[in-house]
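J.: Questions regarding the structure given below will be posed in turn.
The values are calculated or read from the model by the stated rules, or taken from the named source; none is laboratory data. Since this is a predicted model, take the numbers as computed values, not measurements. Note that we place each Cβ from the backbone using ideal geometry, even for glycine, and neighbour counts take in every protein chain shown. Protein only, heavy atoms only, side chains kept; ligands, DNA and RNA dropped before computing areas. Shrake-Rupley method; radii C 1.70, N 1.55, O 1.52, S 1.80 Å.
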Amino acid sequence: MRCREMARLLTEAGHACTIVGPSEDLREPNDDLLFVRWIPMSGEQGPEQDARDFLAICREAGAVHAVMDDYRVDPGYQASLKAHGIRFMQQFDASKPWDFHADIIVNSSPYERAEDYAGYVKNPNAQLLLGPKYAVLRPEFSELDIRPAGRPVRRILVSFGGGDDLGAIRLTLDAIAETPGAEGVTAVIVSGNSNPRNAEHAAHIATLPPGRAEFHIHPKNVAELMNCCDLVIIAGGTMSYEAALCTLPMVLIALAPNQLRPCRGWAEQAGAEMLGTVDTVTVEMIRDTLEPLLSDTARRTDMALRGQAMVDKSGGLRLVSALLERDGI
């Protein structure tokens, strides 16, 4: 998603974009408008060969700018790019501190601080772009008429990324079903095509009373779905920024260790409820968190407004401006 939105903004600025890495089965119809070339690269031969192959593609295309949004781009890989004159932006996995050679280091997590990077940045001219103002949101979110904070909870969005939800969706559905005061609430489930539990979830949802749950697999209208909800139970990924923009109070369950820092950041700065990692969270924990939230309009309003104040619709433009060394916004 981030790569598509960056490509859209760069294309609008007059640049031609090539995407390197994802397999062909991830292509969507509109990708032909964003990328002049789509080059799969598995990385199975290791980062050194991957770097050589990527640099060969850059030379062939005459490219001098790159956006590296892959956690396999290790320090040696980065040093190779820098040595060959590529100006590049690095998206960073906060759970894995290592040396950075990038010109621009991006981490939109609300937990990040410049001092955390002091011992790792090896490029003396590097820019650190940290915090939710640098989050790249899907373009459809810029067109939304955002609903006011503090609205009654009638619909709860439940989503844990595009892959395996590790049981978090079923856990959350069971918790909502047990929560006093949630009898008239609809759970809006959003799942990805590659979630191996989709058939299991569909079968379970079919057994629920009418109106208790909707199941959406890889929907095209995520922004509209989110904007029609009143609270979210999600992981700490890109959707957390979109939820903040949409004035949605957040209950967070991390699927992986690298989501813990963003979840903590939302908890500290926006009052979100962080429950822990999916392997430690129980139905009772979700239920006991959800029940008081449903009846506490003042708290939900505060959570929503604090989160919305941290995110706007210009994160991608800020990154493009930095990459192209233009005046930012």
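J.: Would you check which residues across segment 35-64 are over 29 Å from Asn258 (Cα atoms) and either exposed (fewer than 12 other Cβ atoms within 10 Å of the Cβ) or touching a Phe, Trp or Tyr at 6+ places or on another chain (Cβ under 9 Å) (or both) and list them?
T.: The answer is Ala56, Arg59, Glu60, Gly62, Val64.
For (1) closer than 26 Å to Glu5 by Cα; (2) open to solvent by less than 20 Å² (accessible area, probe 1.4 Å), each residue gets a yes or a no:
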| position | (1), (2) |
| --- | --- |
| Tyr120 | no, no |
| Glu140 | yes, no |
| Gly163 | yes, no |
| Ala168 | no, yes |
| Leu171 | no, no |
| Ala175 | no, yes |
| Thr179 | no, yes |
| Gly184 | no, no |
| Arg197 | no, no |
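J.: Test Pro152 against the stated conditions and say whether it is out of contact with any Pro (no Cβ under 9 Å at 6 or more places or on another chain), open to solvent by 10 Å² or more (accessible area, probe 1.4 Å) and touching a residue at least 60 places away in the same chain (Cβ under 8 Å).
T.: Yes.
J.: To continue, here is another question. Considering each residue of segment 219-248, count those that are of a type outside the set (Val, Ile, Thr) and either at positive phi or touching a Cys at 6+ places or on another chain (Cβ under 9 Å) (or both), and give that number.
T.: Going through segment 219-248 one residue at a time, the tally reaches 10.
J.: Moving to a separate point now. Filter segment 209-241 down to the residues that are over 21 Å from Thr289 (Cβ atoms) and among the aliphatic types (A, V, I, L, M) and list them by number.
T.: Those that are over 21 Å from Thr289 (Cβ atoms) and among the aliphatic types (A, V, I, L, M): Ile217, Val222, Ala223, Leu225.
J.: In addition: Identify the single condition in (1) open to solvent by less than 40 Å² (accessible area, probe 1.4 Å); (2) among the hydrophobic types (A, V, I, L, M, F, W, C); (3) within 21 Å of the chain's Cα centre (by Cα); (4) under 25 Å from Phe100 (Cβ atoms) that Val67 does not satisfy, given that it satisfies every other one.
T.: Going through (1) open to solvent by less than 40 Å² (accessible area, probe 1.4 Å); (2) among the hydrophobic types (A, V, I, L, M, F, W, C); (3) within 21 Å of the chain's Cα centre (by Cα); (4) under 25 Å from Phe100 (Cβ atoms) one by one, Val67 breaks only (1).
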